[in-house]
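Below is one structure; the comments refer to it alone.
The values are calculated or read from the model by the stated rules, or taken from the named source; none is laboratory data. What you are looking at is a predicted structure, and each value in this text was computed from that prediction instead of being measured. Note that each Cβ is placed from the backbone with ideal geometry, even for glycine, and that neighbours are counted across all protein chains shown. To get the accessible areas, we keep the full protein, side chains included, count just its heavy atoms, and leave off ligands, DNA and RNA. Shrake-Rupley method; radii C 1.70, N 1.55, O 1.52, S 1.80 Å.
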Amino acid sequence: QTNQQSSNSRGIRRVAGFAEVSWEYQDDNGLLVQFYDEDTNEIESLYRDNGLNVAAKTKKLSWNKGYNSMYTFTFTSEKKDDKGAVVEVLGTQKNEDSGKVRQLKRTPKKMPWAVEGYGVSGDKNALAQLHQLQAAAAASAPVVVATPPTPVVAAVTTTTTVATPDATTTTTTAAVVVAPAAVVPSAAFALIRAPTLSLPTYWEKANLFDALGGNHEIYLQPANAKHKIEYDTITKLVQDSIGKKVNIVHVMRLENAALYSFYAMTRMTIASGEAYLTGSGKGTTDGANEQMLFTGERIATNMAAIKKFGFDLRVAPADGAFGQGLYFGAKASFADNGRCIQNPDGTKDMFVCRVTVGKSAVGAKSIRRPPPLDPSKPTMALYDSCTDGNLPPQTYVLFNSKQVYAEYIVRYI
């Protein structure tokens, strides 16, 4: 910039607009999580006003409301392209009260079609709690004894052939096995046991004959007796584990027969493998260790893809501390901390998923599948998932997208 009267010159540069940049922090799982817009704008202002290696302090952060902690941001390095434009900034964020330090990274903002982190993000006993509530509601339901089935002719036959000068005579006898009378539980009780590959009995629209499985969205109505237990259970899971007071706007059930069928088959396969290893639980899903876990997705088009096609392991982040897989939290706060999409009205959307975790081992950075059950046999049976090593686990990592079914979306504020 040159002043034509004084001939004084200054060097100038273009800095990306606030809407063009993204600030991310590294969470306890080693994953980079994007800050929400209001926090990105505050951090970007601190960076522009203070530059590198200057301690910049602020309390104006969305997660700090009600805590009033002082945070210190220090920006330590810049990476520029061949034209001198800043394409990456690294730094740290320190909570002065707790002393907790997190690594920061500034990059160009992800575009709507970006897929980085697509497929990523629970209470361990949530599914059991849901089942218990449904069991209580179904306790008085009668057990119906089905009509005995038609006798079945087994495939065991005896054939005798006698040859005479006039003709050949063949006599065939068959063993007849009559199946015993079957006990058929009520529809509500079938949901609780659910050891089969069938769709959940409480689903309302999807069926196995939908074209491509269908993709139905059912808004649960708390005033509807059919929905009340389900609605109350899912909202309680979120409110009890999100770590702050939130209001639930709505709960949507996702019914996709094709995706659920793949999930149910994988769940049964894992349960059957566990039954074979332990000698117990045969014919049930007990060994599947099915749980309700939480996740979020920041980009609307990716969220729509998950609803229709499920999670895609091929674009899972490679920087996770416990493996290159799909990360799910044991609490709703895991999804709320920067992983959920924020709508223009300030509400957020969170996935609540059925997850078959099976038998878990502690994960490790860069692994792309769970470790073997027997280290001396690395090509034989594997664990089904990995965890962060906490007891109980706070984070689960899945390496097979068919072990997850996103069944609910909860909108809250």
For strands (runs of 3 or more DSSP E) lying entirely in the stretch 1-89, having 3 or more residues that are closer than 28 Å to SER366 by Cβ picks out 21-26, 32-34, 71-80
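Name the single residue that is most open to solvent (accessible area, probe 1.4 Å) among those in the stretch 46-69 being among the hydrophobic types (A, V, I, L, M, F, W, C) and within 33 Å of the chain's Cα centre (by Cα).
To start, the set of residues in the stretch 46-69 that are among the hydrophobic types (A, V, I, L, M, F, W, C) comprises 46, 52, 54-56, 61, 63.
Narrowing further to those that are within 33 Å of the chain's Cα centre (by Cα): 61, 63.
Working: LEU61: 6, TRP63: 88 Å².
Looking at the filtered set, the residue picked out is TRP63.
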Here's a check for you: in the stretch 368-389, which residue that is of a type in the set (S, T, N, Q) and open to solvent by 40 Å² or more (accessible area, probe 1.4 Å) is nearest to THR269 (Cα to Cα)?
THR379
Going by the structure shown, is GLY338 under 22 Å from ASN247 (Cβ atoms), in contact with a helix residue (DSSP H, G or I) (Cβ under 9 Å, 6 or more places away or on another chain), at pLDDT below 95 and part of a loop (DSSP other than H, G, I, E, B)?
yes
Quick check on the stretch 95-108. Is at least one of its residues surrounded by 15 or more Cβ atoms within 10 Å (Cβ to Cβ) and over 25 Å from ASP388 (Cβ atoms)?
yes
Of the residues in the stretch 321-361, those that are touching a Leu at 6+ places or on another chain (Cβ under 7 Å) and open to solvent by 20 Å² or more (accessible area, probe 1.4 Å) number 0
Being touching a helix residue (DSSP H, G or I) at 6+ places or on another chain (Cβ under 8 Å) and farther than 23 Å from SER241 by Cα: is that true of SER401 here?
yes
Kindly indicate whether any position in the stretch 395-413 is open to solvent by 70 Å² or more (accessible area, probe 1.4 Å) and within 19 Å of MET350 (Cβ to Cβ).
yes
Exactly one of these conditions fails for ALA361: (1) among the small types (Gly, Ala, Ser); (2) more than 23 Å from LYS236 (Cβ to Cβ); (3) part of a loop (DSSP other than H, G, I, E, B). Give me its number.
(3)
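Return yes when GLN134 is modelled with pLDDT of 85 or more and of a type in the set (S, T, N, Q) and no when it is not. So that I can check it myself, show each step before the final result.
On the way: modelled with pLDDT of 85 or more: no; of a type in the set (S, T, N, Q): yes.
Against the criterion (modelled with pLDDT of 85 or more and of a type in the set (S, T, N, Q)), GLN134 does not qualify.
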I'm told THR278 meets every condition in (1) among the β-branched types (Val, Ile, Thr); (2) farther than 26 Å from LEU31 by Cα; (3) modelled with pLDDT of 90 or more except one. Can you identify the failing condition by its number?
(3)
Restricting attention to the stretch 300-320, which residues are in contact with a Leu (Cβ under 8 Å, 6 or more places away or on another chain), in a loop (DSSP other than H, G, I, E, B) and open to solvent by 20 Å² or more (accessible area, probe 1.4 Å)?
PRO317, ASP319
Of all residues in the stretch 232-249, which are under 19 Å from the mean Cα position of the chain (by Cα) and buried (at least 16 other Cβ atoms within 10 Å of the Cβ)?
THR233, ILE234, THR235, LYS236, LEU237, VAL238, GLN239, SER241, ILE242
Would you check which residues across the stretch 212-231 are small (Gly, Ala, Ser) and open to solvent by 60 Å² or more (accessible area, probe 1.4 Å) and list them?
ALA223, ALA225
